[in-house]
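Dropping a structure here in structure tokens format, bear with me for questions.
The values are calculated or read from the model by the stated rules, or taken from the named source; none is laboratory data. Everything numeric in this text was worked out from a predicted model, so none of it was measured. Every residue, glycine among them, receives a Cβ derived from its backbone with ideal geometry; neighbour counts consider all protein chains shown.
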Ligand SMILES: Cc1cc2nc3c(=O)[nH]c(=O)nc-3n(C[C@H](O)[C@H](O)[C@H](O)COP(=O)(O)OP(=O)(O)OC[C@H]3O[C@@H](n4cnc5c(N)ncnc54)[C@H](O)[C@@H]3O)c2cc1C
């Protein structure tokens, strides 16, 4: 069997793997990426949040993205029973990017991999990791190529960015029960022939169908739009028929968007994802770290997936550089504890979204502008800024503010 030696093997060429590989390569590390599919490939996760811009910039991947003319995302709109709750990232609390993009991920992810290849990273597509064996921190990874042949990659360190492939988590039995209730999703894209002119046609919107059920509208600059529903598995499964028929029936539950899409054919058969939330018992071990979705995924409601994927990918790469340069790395403190801080904030927001408490605040008619700016910073992904009370006291603040609103409503 053919054998190869590298310093770091990155499994998966999504945003997490690309950011890791770019950073490692920039710092003189011999890195190789293996990717199961051939790019461009479809991927869901098209609404970004501003925090990921910092990560792409630090990895040296922002310039290539700037050239693509993706639709700019300046905020997000939530709609429930005809009431609109709009967030403008330029009016958020604290520092950070005021905008980001909404992107067709097939094009976006290929742009990233084209760029890392241009920068000198070796990327093998149609190459699937089938087995990993560890000997201390050294690892021996078996990969299967498109023609069915196998080869082995010996690495001093592995960054597993395999998304829902969850290569190492599956192999080492690290999968844990999810933190969020069982939600599923069904989604596709359309050629948006009835798209309204102006801002209305470019605004990412989340329409609340029931407290736990929502519809997404993500328009792209190429004229296509991503549409999809998220809800408890019970709700998803009550619709009968094939996936196209199911999505057509679900569309009838959307008061705001039904007319825009009722006669528009889907560009491809909808995808269905069951039990979206994923979790693991540990994020690192001797010779490996898990990043992006291969580590943990909460819920799509606040579009945090790509931001966390790039946050973890970048941090893992930074720590791997230190380790390979014989500096001491405390993976628990420097990786797990840091990531956990941010994940905990988002977990609260996701949970309080589905309890309805956060929706009470967002759709409250007398909105508090200070609270709104602080919540906006969280929705932009700045979940490590402890000067923001809605970050620092995330556990209590949403619940308490929702309770006050409830009391106010009961008195009026
Ligand atoms: C319904 C739904 C809606 C979502 N909406 C959003 C959103 O609006 N915004 C957002 O930011 N996020 C969203 N997400 C999450 C988003 O899709 C992910 O967080 C993001 O793609 C994670 O990036 P990643 O690099 O970790 O993984 P991925 O992008 O999944 O990349 C992993 C790569 O690893 C490869 N791979 C897998 N197994 C192997 C193997 N054995 N060998 C080699 N390669 C392998 C895969 O082919 C893949 O290309 C959504 C998720 C779901 C389920």
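Among the residues in segment 357-368, are any under 30 Å from residue 27 (Cβ atoms), in a helix (DSSP H, G or I) and touching a helix residue (DSSP H, G or I) at 6+ places or on another chain (Cβ under 7 Å)?
Let us first name the residues in segment 357-368 that are under 30 Å from residue 27 (Cβ atoms), namely none.
No - not one qualifying residue is present in segment 357-368.
Right, something else. Condition first: without any contact (Cβ under 8 Å) to a residue 40 or more places away in the chain and either touching a strand residue (DSSP E or B) at 6+ places or on another chain (Cβ under 7 Å) or surrounded by 19 or more Cβ atoms within 10 Å (Cβ to Cβ) (or both). Now tell me which residues in segment 76-120 satisfy that.
84, 86, 117
Moving on. Might you let me know whether segment 190-204 holds any residue that is touching a residue at least 12 places away in the same chain (Cβ under 8 Å) and assigned to a strand (DSSP E or B)?
Yes, segment 190-204 contains at least one residue that is touching a residue at least 12 places away in the same chain (Cβ under 8 Å) and assigned to a strand (DSSP E or B).
Let me ask you something else. Pairs please, first residue from segment 154-166 and assigned by TED's automatic domain parsing to the domain that holds residue 325, second anywhere and near the ligand (Cβ under 6 Å from one of its atoms) and in a loop (DSSP other than H, G, I, E, B), Cβ atoms under 7 Å, 6+ apart in sequence or on different chains.
Within 7 Å, the pairs are 161/12; 161/14; 162/12; 163/12; 163/14; 165/12; 165/36.
Additional query: Give the residue that is surrounded by the most Cβ atoms within 10 Å (Cβ to Cβ), with candidates limited to residues of segment 1-35 that are assigned to a loop (DSSP other than H, G, I, E, B) and more than 6 Å from the ligand (Cβ to nearest atom). Spell out how you get there, then give the answer.
Narrowing segment 1-35 to residues assigned to a loop (DSSP other than H, G, I, E, B): 1, 12-14, 27-30, 35.
Now restrict to residues that are more than 6 Å from the ligand (Cβ to nearest atom): 1, 27-30.
On the way: 1: 7, 27: 15, 28: 11, 29: 20, 30: 15.
Looking at the filtered set, the residue picked out is 29.
A follow-up question, please. Taking the criterion of being out of contact with any helix residue (DSSP H, G or I) (no Cβ under 7 Å at 6 or more places or on another chain) and either crowded, with 19+ Cβ neighbours inside 10 Å or not assigned by TED's automatic domain parsing to the domain that holds residue 50 (or both), would at least one residue in segment 378-385 satisfy it?
No.
In addition: Of all residues in segment 303-336, which are in a loop (DSSP other than H, G, I, E, B), away from the ligand (no atom under 11 Å from the Cβ) and either under 17 Å from residue 9 (Cα atoms) or in contact with a strand residue (DSSP E or B) (Cβ under 7 Å, 6 or more places away or on another chain) (or both)?
325
Being within 12 Å of the ligand (Cβ to nearest atom), in contact with a strand residue (DSSP E or B) (Cβ under 9 Å, 6 or more places away or on another chain) and under 23 Å from residue 309 (Cα atoms) narrows it down to one residue among 166, 170; which is it?
Matching residue, one of 166, 170: 166.
Right, next: Kindly establish whether residue 140 is more than 11 Å from the ligand (Cβ to nearest atom), assigned to a strand (DSSP E or B), out of contact with any strand residue (DSSP E or B) (no Cβ under 6 Å at 6 or more places or on another chain) and farther than 26 Å from residue 306 by Cα.
Taking the combined requirement at face value, the residue does not satisfy it.
Take residue 38 and decide whether it is out of contact with any helix residue (DSSP H, G or I) (no Cβ under 6 Å at 6 or more places or on another chain), at pLDDT 95 or above, within 15 Å of the ligand (Cβ to nearest atom) and within 24 Å of residue 322 (Cβ to Cβ).
When the stated conditions are applied, residue 38 does not pass them.
Does at least one position in segment 103-112 carry a residue that is in a strand (DSSP E or B) and under 13 Å from residue 48 (Cα atoms)?
No, every residue in segment 103-112 fails to be in a strand (DSSP E or B) and under 13 Å from residue 48 (Cα atoms).
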